[in-house]
1. Could you list, in sequence order, all residues of the stretch 330-363 that are closer than 20 Å to G129 by Cα and among the hydrophobic types (A, V, I, L, M, F, W, C)?
2. Consider the stretch 341-375. How many of its residues are part of a helix (DSSP H, G or I) and surrounded by fewer than 17 Cβ atoms within 10 Å (Cβ to Cβ)?
3. Checking G257 against (1) surrounded by fewer than 21 Cβ atoms within 10 Å (Cβ to Cβ); (2) more than 21 Å from H199 (Cβ to Cβ); (3) within 17 Å of the chain's Cα centre (by Cα), only one condition comes out false. Which one?
4. Can you pull out the strands (runs of 3 or more DSSP E) entirely within the stretch 248-337 that have at least 3 residues that are among the aliphatic types (A, V, I, L, M) and closer than 23 Å to Q68 by Cβ?
5. I'm told V207 meets every condition in (1) assigned to a loop (DSSP other than H, G, I, E, B); (2) buried (at least 22 other Cβ atoms within 10 Å of the Cβ); (3) of a type outside the set (D, E, K, R) except one. Can you identify the failing condition by its number?
6. How about the stretch 1-22: which of its residues are in contact with a strand residue (DSSP E or B) (Cβ under 7 Å, 6 or more places away or on another chain), buried (at least 18 other Cβ atoms within 10 Å of the Cβ) and either closer than 30 Å to H276 by Cα or at pLDDT below 95 (or both)?
7. For the stretch 323-340, which positions are in contact with a Leu (Cβ under 9 Å, 6 or more places away or on another chain) and aliphatic (A, V, I, L, M)?
8. From the list R178, R157, R152, exactly one residue is loosely packed, with under 15 Cβ neighbours inside 10 Å and basic (K, R). Which is it?
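The values are calculated or read from the model by the stated rules, or taken from the named source; none is laboratory data. Because the structure is a prediction, the values reported are computed rather than measured. All Cβ positions, glycine included, derive from the backbone under ideal geometry; neighbour counts span all protein chains shown. With ligands, DNA and RNA removed, areas are computed over all heavy atoms of the protein, side chains included. Shrake-Rupley method; radii C 1.70, N 1.55, O 1.52, S 1.80 Å.
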Amino acid sequence: MRTLIKNACLILTDRLIRSGWLVIENSLIDDFGDGTCPDGHFDEVLDAQGKYVSPGFVDTHVHGAVGQDFTESDTDGILEAMRHHFLHGTTTMLPTLTSVKHEQYVKSLENFRSLLPVFAERNDIPEFGGIHMEGPYCSGAALGAQNTSTYRDPDYREIELYLEMAPYIKKWTAAPERNGGMDFGRFLEKKGIVASIGHSNATYEQVLHAYECGYHHITHLYSACSFYHREGAYRKAGIVEAAWMLDNMDVEMITDGIHLPKEFLQLIYKIKGADHISMITDAIRYCGVDVPDGSFVPYTDGDSRRGVIIEGGVAMVPERTCFAGSIATADRLLKTAVNVAGIGIVDAVKMLSATPARINGLTDIGQITRGKKANLLILDSDLNICTIILRGKKAR
């Protein structure tokens, strides 16, 4: 199967090619360029009509959608949630498991293991890039909406079982200040798993130590992270300030425009740059659920948390004292970065594709480069998704 996309504005990692063309050979990007299209036989020709052609979005922190949760739902529910994000431009995903009891992790990982053959066949859901474990080795000292009663110190009997069941765990969020937390970072680094600091109250000094112990990533910067505060008369720094000081520390940014307002998005981008930022949805099960603004929606009976309020384009805990995860999709992140924060489209797309792919070791996707997988989007001038191409085939 040989496909030509013509009249395209190609979004590369460093520039736009405004009069571009791109050739797909089976599932891979075979060639691309500027100006006159190449000769030869093509099984399909897509006229982009001057629209953008972008790498597919890579969401490495996402919990669910349309009422389904990756930690709690059955296999049908997992696929339903993945389908929703796919329709909004996510072509590769790291489903994220929140902090739960051991038995629930086992059940969740069994569901994903049973779905592996399905992931390989389906062309209407994102590619499965692996699992992100957001817990349970976190700290209740930092604000956040997780079920903190499930937090615990690293337990290698659990950890070895999880890795046996899911050798495709790609990223693990933990609090390095917990007992055994620094050793856990070393363990993850040896396993080739991204060790990420999150839901943590680590001090500035502890983060510097954690970086030496393998923690080279921070989960949703500012959210559930320690930062500037006072202890009596003395000013103290935290995770956020350490992220600024460590040039090679990678960070996540929830770019829904609410978790982080415009000036915070601009600050993170100015200091860290597109090479060290992954834009994430952190979308929970109520992403894509149509409820009246201000509605209270409960969690399942097995969750000790009461539920969340959906209001103003975000989920909040019932007391409205902190956010409880976003209800955004990846296309909303792109629009927020470009239209609200004023970030150029090249860097905005990079933070939704090439950078998260690089951080999480997904070497065959994330950019328009010869030999990369042809997971592509065609976007109009308002950044709406017109066409989705997965593994070289038009999927929508």
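1. Taking the stretch 330-363 and keeping what is closer than 20 Å to G129 by Cα, we get 330-331, 333, 349-363.
Once the filter is applied, which keeps residues that are closer than 20 Å to G129 by Cα and among the hydrophobic types (A, V, I, L, M, F, W, C), the stretch 330-363 yields A330, L333, V349, M351, L352, A354, A357, I359, L362.
2. Within the stretch 341-375, the first condition is being part of a helix (DSSP H, G or I), and the residues that meet it are 345-350, 354-359.
Keeping just the survivors that are surrounded by fewer than 17 Cβ atoms within 10 Å (Cβ to Cβ) gives 346.
So the answer is 1.
3. (1)
4. On the way: elements: 250-254, 277-280, 295-298, 307-311, 314-316, 323-326.
Output list reads 307-311, 314-316.
5. For V207, the failing item is (1).
6. Across the stretch 1-22, the qualifying residues are A8, C9, L10, I11, I17, G20, W21, L22.
7. A330, L333, L334, A337, V338, V340, listed by residue number.
8. Only one candidate qualifies: R157.
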